Amino acid sequence: MSDRHDIEVTLRPRDPFPSLRLERVYDVPVDRAWRAISSPAEINVWWAPMKVDLELEPGGTITFGWPGGEPDEGRVLEVEAPTLLAYRWDREVLRWELRPDGDGCVLTLTTDVQDPDHIADTAAGWHTGMEMLADLLAGREVREPEGGPAPEALAAHYRKTLMGR
């Protein structure tokens, strides 16, 4: 990565779903970033307006709730504190990996995308989420950006860079 705060996003064809890989460096130790991605109290700050409840153990339940909607339920697949958390959400698997990087850490999120037509929107949404996570970790107010969780300009960027459209 050229800049410590760039988000590197790549698309890999996989079966049965394509996979997005997002990577970003944060200026906090692994343990601090781990709490932010594994504690519902912290997840619910940076992943707003989503509300998450999580049983942090393999086989545990993870519940995702959007305001005014019915919650979705997933299953925790792997937990290796403080470096790995993986869970299934619908038919997609999200895998969060942390590794030290100097005084900070690198967070890598790999996520399946069930609908190839939504690759750019998914990339834009997770890009935004990683920016909101950066705000939390830096002690700044966490706010959803203008344009919602997947701003159209960012989705257009990913349509061009990931899909050539």
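The values are calculated or read from the model by the stated rules, or taken from the named source; none is laboratory data. Keep in mind that what you see is a predicted model, and the values were worked out from it rather than measured. Every residue, glycine among them, receives a Cβ derived from its backbone with ideal geometry; neighbour counts consider all protein chains shown. Accessible surface areas use protein heavy atoms only, side chains included; no ligands, DNA or RNA. Shrake-Rupley method; radii C 1.70, N 1.55, O 1.52, S 1.80 Å.
Computed values, structure above
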quantity	calculated
Among THR61, THR110, THR128: highest mean-square fluctuation, GNM of the chain, C-alpha pairs under 10 Å	THR61
Charge-dipole axis of the chain as Lys and Arg at +1 and Asp and Glu at -1 on Cβ define it, positive-most pick from GLY125, ASN44, GLY69	GLY125
Directionally averaged shadow of the chain, computed from the convex hull of its alpha-carbon atoms, nm²	9.6
Whole-angstrom Cα spans of segment 125-165 along principal axes, big to small	37, 16, 9
Extension gain (nm, one decimal) between ALA48 and ASP103, 0.36 nm per residue minus Cα-Cα	17.0 nm
Accessible area, probe 1.4 Å, largest first, for residues PHE64, PHE17	PHE17, PHE64
Within a Gaussian network of the chain (alpha carbon springs, distance under 10 Å), most fluctuating of GLY59, GLY139, GLY129	GLY139
Theoretical gain in end-to-end length, ASP72 to ASP117 [0.36 nm per residue, Cα-Cα removed]	14.1 nm
Residue among ARG35, ARG88, ARG14 with the largest mean-square fluctuation in a Gaussian network model of the chain, springs linking Cα atoms under 10 Å	ARG14
Dipole magnitude of the chain, debye to nearest 20 (Cβ charges: Lys/Arg +1, Asp/Glu -1, about Cα centre)	340
Euclidean distance between Cα centres, segment 87-110 to segment 59-80, Å	16
Mean-position separation - Cα centroids, segment 9-50 and segment 131-165, in angstrom	13
FRET efficiency, 1/(1 + (r/R0)^6) with R0 25 Å, evaluated for ASP90 and GLU152 via beta carbons	0.55
In Å², nearest 10: area of TYR26 left accessible to a 1.4 Å probe	10
